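The structure under discussion appears below in the form of structure tokens.
The values are calculated or read from the model by the stated rules, or taken from the named source; none is laboratory data. Fair warning: this is a prediction, and the values are worked out from it, not measured in the lab. Note that each Cβ is placed from the backbone with ideal geometry, even for glycine, and that neighbours are counted across all protein chains shown. Only protein heavy atoms, including side chains, enter the accessible area calculation; ligands, DNA and RNA are left aside. Shrake-Rupley method; radii C 1.70, N 1.55, O 1.52, S 1.80 Å.
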Amino acid sequence: MRSVRHFIIPALAIALVIYGCKKKGDDTTDPVECTVGNGITNGRLIDNRYIIMYKPASAISAEVSTLSTTRKLSALLKSHELSETAVLSRFSGGIQGFVANINAAKAAELSTDPLIEKVEQDRIVALGTCFEIAAPTLVTWNVKKTGFGDGTGKTAWVIDTGIESTHPDLNVDVNRSRSYVSGDNSIEDLNGHGTHVAGIIGAKNNLIGTLGVASNATLIALKVLNEEGEGNLSYIIQALAYVNANAKAGDVVNISLGEEDASEIFDAQVRQTASLGIFVTIAAGNDGKPASDFSPARANGTNIFTVAAIDSLNNFADFSNYGTDCVDFAAPGKSILSSYTQKRYAYMSGTSQAAPHLAGLLLLNGNNIHIAGYTKNNPDNGVYPIAMK
């Protein structure tokens, strides 16, 4: 998924353009348009690294289905003459499987095993970069439009670049947070994207910075992308497995990232999360194309919400993916001010910013989402409701 970013703002209003921004005129609601595609490595296949998903228990023999996952894996490895060292990690929480270091021939062999539902080559997921420095304000246009309330006691799981745990405007549960980035055990956000998303969901009502849609909600960082905004698809699959095993019904998972292609395993893991009564908010993507072409935006089902972006005048964002077969709601996604790294604040644009608005609403009201009219200037003449409290 492409990320469209704008301004960063510390207490001192010092302007700093990092990459690729262009001036767009004097419109104060959208002073800089900074459209950035995914990182150049996004979607790149990773050599000799595969995600293997087991068939559900109902699809295999009763004898095999009663085996523990450890015994099942040992039997599978033995039958395909694979060493235990080939297994890089495992995931469970409803859907079960593992990530393995194997060659293409062995992956093809495993895909025919009666225990295996799907084998996919692991891929890189990467965000682009663009930002600038400016100054915060408490209740921003987007939060006024969406509505807001007290999110104390509610929990959002943010699958992203981590969250800055020491940011004074955020209530981060460090104990339950995790990093899935290889070689990085820290949940701290060195990129900024995850902290920005987290602030839209739950920035505190504390008279500093900005106000989140569900202020003071508990934010759990599930770090799957590194400082450069790059990670692996398998990291996201493992993060969702952790959610499935530890979240409760009524919690919200926000996924403001995605693949350049479709992934059946990714979609299946999202549906598994939603089947547990956990709400999942997904950014539609910033390619200006049908959302049905991308995972997890194309995932459909109860408790799954794919979100497109609008501007302050309810215009459908020109970069936003679309398609009423996948997109459930639209929400603010242009020039959105929120928390950022080093205790700063930033403007960013993208469906990455639209999705957490809906995440906050789901925390406040469950799936009782109200409609504040419909988007204008839609790319496909579809009807897209604008979410509000």
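Amide H to amide H, with H built 1.01 Å from N, Asn286 comes under 5 Å of Arg2, Asn321, counting only residues 5 or more places away or on other chains. Taking the chain as a Gaussian network of alpha-carbon nodes connected by springs under 10 Å, the highest mean-square fluctuation of the residues Thr351, Thr70, Thr41 belongs to Thr70. Using every pair of separate Cα atoms, the Kirkwood estimate puts the hydrodynamic radius of the range 280-388 at 13.6 angstrom. Using a probe of 1.4 Å on the protein chains alone, the accessible area found for Lys144 is around 140 Å². Within the assembled protein chains, the solvent-accessible surface assigned to Phe279 is about 20 Å², based on a 1.4 Å probe. For the range 68-154, the spread of Cα positions along the three principal axes, ordered from largest to smallest, is 61, 33, 21 Å.
Taking Cα pairs under 8 Å and at least six residues apart, what relative contact order does the chain come out at, in percent? Relative contact order for the chain comes out at 20 percent. With contacts taken as Cα pairs under 8 Å at a separation of at least 6 residues, the range 194-334 carries a relative contact order of 16 percent.
Note on the chain: antiparallel DSSP beta bridges, both residues inside, total approximately 50 percent of the bridges counted. Can you pull the semi-axes for the chain, root of five times each eigenvalue of the Cα gyration tensor, sorted largest first, whole Å? Ellipsoid half-lengths, sorted descending, are 36, 20, 20 Å. Of all accessible surface on the chain at a 1.4 Å probe, what whole percent is carbon and sulfur? Carbon and sulfur together cover 49 percent of it. Accessible area ranking (1.4 Å probe, heavy atoms, ligands and nucleic acids excluded), largest first, for Tyr322, Tyr235: Tyr322, Tyr235. Computed from phi, the 3J(HN,Hα) profile of the range 214-231 under the Karplus parametrisation 6.51, -1.76, 1.60 (θ = phi - 60°) reads 10, 4, 6, 4, 6, 10, 10, 8, 10, 7, 10, 10, 8, 4, 8, x, 10, x Hz, with x in place of Gly and Pro. Derived from the Cα gyration tensor, the three semi-axes of the equivalent ellipsoid of the range 189-239 are 25, 12, 6 Å, largest first. Spacing of the modelled spin labels on Asn315 and Ala249, each 7 Å from Cα toward Cβ, amounts to 4.4 nm. Extension gain for the segment Ala59 to Ser182, taken as residue separation times 0.36 nm less the Cα-Cα distance, is 41.0 nm to one decimal. Listed cross-link partners Lys78/Lys118; Lys72/Lys154; Lys145/Lys289; Lys78/Lys248; Lys145/Lys204 are compared with a 28 Å cut-off, the Cα-Cα value being larger for Lys72/Lys154; Lys78/Lys248.
The Stokes-Einstein estimate for the range 204-294, based on a Kirkwood radius over Cα pairs and taken at 20 °C with 1.002 mPa s viscosity, is a diffusion coefficient of 145 µm²/s. Partner aspartates and glutamates whose Cα lies under 20 Å from the Cα of Lys334, excluding those fewer than 8 positions away in the same chain, are identified as Asp26, Asp27, Asp30, Glu33, Glu132, Asp160, Asp287, Asp311, Asp318, Asp380.
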